[in-house]
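First up is the structure itself, then whatever we jot down about it.
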Amino acid sequence: MTTMTAAGDAAHTRHHWWQHRTLSRFLRHRLAATGLAIILMLTLACLLGPHLLPYDELTVDLRARFSPPLTQDHYLGTDPLGRDIAARLLMAGRISLLVGFSVMLISTVFGTLIGVVAGYFRGWVGSVLMRIVDAFLAFPSIFLVLVLSAFVEPSPFMITVIIALTCWMEIARIVEAEILSLRERDFTIAARLSGASARWIMFRELVPNAMGPIIVAATLTIANAILLEAYISFLGYGIQPPLPSWGNMLNSAQQYLADAPWLAIVPGITITLAVSSFNFIGDGLRDALDSRSNLP
Amino acid sequence: MTLSHPPALAVRDLCVTFQRNGCETRVIHDIDFEIAAGETLALVGESGSGKSVTSMALMRLLGRQSRAAVTGQVALHAATEREPIDLLQIDDARMRQLRGRRIAMIFQEPLTALNPVHRVGDQIAEVVRFHSGSPRRQARAQALALLEQVGIPEPSSRLDSYPHELSGGMRQRVVIAMALAMEPDVLIADEPTTALDVTVQAQILTLLKTLQRDTGMAMLFITHDFGVVSEVADRVAVMYAGRIVEEGDVEAVLARPLMPYTAGLLASVPRLERAGLPGERLATIAGRVPDPASLPAGCSFQPRCTFAVPGTCDSAVPALASLKAGRRVRCTRAHELIPAEELSPCPQTS
């Protein structure tokens, strides 16, 4: 009787049950929780900040060139054209974060698709797809990005597409490995035995079970994408001035490194903060989602 | 058992051959059996005797990728069809329509047979939706009715449970509900109670028998447990090294096994009344199931058989001899081990 009641109670609380478990496990991971807080604040600042600051990111004020941080209203100082760095940093954040999230979305969807098809069908379909993945991986991604960006108009959209082209392989490999083991599990066979089609099994039975590793890989992809965008913008092939991005802010700071170090330090710290926060979130998610599969 | 109707499932000369590294290994040799509607045939044998491969071959789960060649006939006579369908001849799309609808299967381990990320109600409703294409709401109502039918308490609250929130017995009931959603004509149960404890095992067996009585499905029950056999089966077929070595009505086989292997299996069932007697040890069959790649010459059980005669038993594979009352045995010395009147077919007994 007691057990029956206990079971009934468990049934009532079940909606929030594993979400709670996963969430609390995630929040117990201190670095991950801090990373999440930083990303949330950064995103919020990039969305709202530019509206609250007294300066536009493109307004040139030659009288206020090279103001160090905390002069008047220029909290983070100004650049060689007297533009407010705080405003530029937040507008650049919009672009950098947007590129990061978009790359994550595109490469996760595409990588998952390739991985699931390769893992489910195996045989020659799987071999051909995974050899394509290997071929893409064989190029150092930075050169691939640079070569590609030399051929196209460097708009934020094209930059996103180019970076996504170099980021999907990792996810494809992770998903393929996951699907290879999941497809041998009894529930997959049970689904086949109850008359499910290949498409149904792939996307309704297998992919939901691989969600943990996919989410982790996706988070790490954001970090990677932000870094890549900063890198190619720094080298001058990415987002083009006057549109600010964290990478091209660093680029324009190079020649004034000795006189106005804040020009490099401010975007540098922001990139480091964003990238390591995403990496910590990925680590935390890996731990939180992994132990779910160990549950009885 | 006299068959007035054609059997729901008739298997003829089923052979399964695996190809690996250029070698061919035959693991199933000329299996044939029939199951009538409403009847249960138990397929018994040690691990490695080919029970599960047989069931996978019937369901066409041994595809190109497992490099298995399946030959023979598997005639499924659905109640709704006039002609039997040979499951080994139809194309994949047709097979997909039949799976779950006319022939279903349940597994040993109920936890792994359910998808851990979907609610059980959705999993049952999905099966209904594959086959009948009924709208979501209606499929869900049907799932509820099925949960009720398989005896799950508070079925409406269980619809939204995840598999890990249910006990082993409940999960197996859910698996059964999924298998029976479309009222199949044939149910293959591959050790469905092995992973459960004994009291739950008895409940599940009773449930399966009740459901069989209600739906009239034929059941192929795969197990290694003679206790389970005596409880559910009408007939039993004993497999050894990929061959059927003995078949007959359950009472007859259990009371008087004709094949030394069956006798050995029955002797190695632990018995409560003999436990604890001084000097009493559990009987075993010496040796191991042979490797299908290198079967011994002649009768495959001969190296382990205490009755084996050199020169006879190791020269040729004995034929599966038909006796009275649907009884069959594959042993050259069967006539020595049993009274003569039991061996010869007796037309006067009905």
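Out of all the residues in the range B:177-195, which are free of Cβ contacts under 8 Å to residues at least 60 places away in the same chain and not in a helix (DSSP H, G or I)?
Result: B:Glu183, B:Thr193.
For A:Ile222, are the conditions met, namely being crowded, with 21+ Cβ neighbours inside 10 Å, out of contact with any strand residue (DSSP E or B) (no Cβ under 6 Å at 6 or more places or on another chain) and either more than 30 Å from A:Arg65 (Cα to Cα) or at pLDDT 85 or above (or both)? Write out each step before concluding.
Numbers: crowded, with 21+ Cβ neighbours inside 10 Å: yes; out of contact with any strand residue (DSSP E or B) (no Cβ under 6 Å at 6 or more places or on another chain): yes; either more than 30 Å from A:Arg65 (Cα to Cα) or at pLDDT 85 or above (or both): yes.
Here the answer is yes, as A:Ile222 does meet what is asked.
Where in the range B:64-176 are the helices (runs of 4 or more DSSP H), entirely inside, with at least 1 residues that are surrounded by fewer than 21 Cβ atoms within 10 Å (Cβ to Cβ) and within 12 Å of chain A (Cβ to nearest Cβ)?
B:92-98, B:120-132, B:155-158
Of all the strands (runs of 3 or more DSSP E) wholly in the range B:218-304, which have at least 2 residues that are at pLDDT 85 or above and surrounded by fewer than 16 Cβ atoms within 10 Å (Cβ to Cβ)? Give the steps one after another, and end with the answer.
Working: elements: B:218-223, B:235-240, B:243-249.
Ranges flagged: none.
Against the condition more than 28 Å from A:Phe151 (Cβ to Cβ), away from chain B (no Cβ under 14 Å) and in contact (Cβ under 8 Å) with a residue 60 or more places away in the chain, how does A:Leu263 come out, does it pass?
Values: more than 28 Å from A:Phe151 (Cβ to Cβ): yes; away from chain B (no Cβ under 14 Å): yes; in contact (Cβ under 8 Å) with a residue 60 or more places away in the chain: yes.
Yes; evaluated as a whole, the condition is true for this residue.
In the set A:Thr5, A:Thr34, which member is part of a helix (DSSP H, G or I), among the hydroxyl-bearing types (Ser, Thr, Tyr) and modelled with pLDDT under 75?
Numbers: A:Thr34 fails: modelled with pLDDT under 75.
None of the others qualify; the one that does is A:Thr5.
When only residues in the range B:53-63 that are of a type outside the set (A, V, I, L, M, F, W, C) and assigned to a helix (DSSP H, G or I) count, which is surrounded by the fewest Cβ atoms within 10 Å (Cβ to Cβ)? Break it down into steps so the answer makes sense when it comes.
First pass over the range B:53-63, keeping only residues of a type outside the set (A, V, I, L, M, F, W, C): B:54-55, B:60, B:63.
Checking which are assigned to a helix (DSSP H, G or I) leaves us with B:54-55.
Values: B:Thr54: 27, B:Ser55: 19.
This residue is B:Ser55.
Yes/no per residue for (1) among the hydroxyl-bearing types (Ser, Thr, Tyr); (2) free of Cβ contacts under 8 Å to residues at least 12 places away in the same chain; (3) exposed (fewer than 12 other Cβ atoms within 10 Å of the Cβ); (4) within 14 Å of another protein chain (Cβ to nearest Cβ):
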{"site": "A:Ile114", "(1), (2), (3), (4)": "no, no, no, no"}
{"site": "A:Val117", "(1), (2), (3), (4)": "no, no, no, no"}
{"site": "A:Tyr120", "(1), (2), (3), (4)": "yes, no, no, yes"}
{"site": "A:Leu129", "(1), (2), (3), (4)": "no, no, no, no"}
{"site": "A:Phe136", "(1), (2), (3), (4)": "no, no, no, no"}
{"site": "A:Leu146", "(1), (2), (3), (4)": "no, no, no, no"}
{"site": "A:Phe151", "(1), (2), (3), (4)": "no, yes, yes, no"}
{"site": "A:Met158", "(1), (2), (3), (4)": "no, yes, no, no"}
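Against the definition (at negative phi and in contact (Cβ under 8 Å) with a residue 40 or more places away in the chain), how does B:Ile204 come out, yes or no?
It is false that B:Ile204 is at negative phi and in contact (Cβ under 8 Å) with a residue 40 or more places away in the chain.
Do we have A:Gln240 as of a type outside the set (A, V, I, L, M, F, W, C), more than 30 Å from A:Glu178 (Cα to Cα) and without any contact (Cβ under 8 Å) to a residue 24 or more places away in the chain here?
Working: of a type outside the set (A, V, I, L, M, F, W, C): yes; more than 30 Å from A:Glu178 (Cα to Cα): yes; without any contact (Cβ under 8 Å) to a residue 24 or more places away in the chain: no.
Judged against the criteria, A:Gln240 is not a match.
Condition check ((1) in contact (Cβ under 8 Å) with a residue 60 or more places away in the chain; (2) of a type in the set (Lys, Arg); (3) closer than 27 Å to B:Val53 by Cβ) across all residues:
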{"residue": "B:Leu87", "(1), (2), (3)": "no, no, yes"}
{"residue": "B:Ala93", "(1), (2), (3)": "no, no, yes"}
{"residue": "B:Arg96", "(1), (2), (3)": "no, yes, yes"}
{"residue": "B:Arg99", "(1), (2), (3)": "no, yes, yes"}
{"residue": "B:Pro110", "(1), (2), (3)": "yes, no, yes"}
{"residue": "B:Asp122", "(1), (2), (3)": "no, no, no"}
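Mind listing whichever residues of the range B:190-201 are of a type in the set (A, V, I, L, M, F, W, C) and at positive phi? Break it down into steps so the answer makes sense when it comes.
Residues of the range B:190-201 that are of a type in the set (A, V, I, L, M, F, W, C), as a first pass: B:195-196, B:198, B:200.
Matches in the range B:190-201: none.
What residue, among those in the range A:183-204 that are within 30 Å of A:Phe278 (Cβ to Cβ) and either facing chain B (nearest Cβ under 7 Å) or in contact (Cβ under 8 Å) with a residue 40 or more places away in the chain (or both), is surrounded by the most Cβ atoms within 10 Å (Cβ to Cβ)? Before the answer, list the steps.
As a first pass, look at the range A:183-204 and keep what is within 30 Å of A:Phe278 (Cβ to Cβ): A:202-204.
Those left that are additionally either facing chain B (nearest Cβ under 7 Å) or in contact (Cβ under 8 Å) with a residue 40 or more places away in the chain (or both): A:202-203.
Values: A:Met202: 21, A:Phe203: 14.
Only one residue fits best here, namely A:Met202.
The values are calculated or read from the model by the stated rules, or taken from the named source; none is laboratory data. Computed from a prediction, not measured in an experiment: that's the story for all the values here. Positions of Cβ are generated from backbone atoms using ideal geometry, with glycine treated the same way; all protein chains shown enter the neighbour counts.
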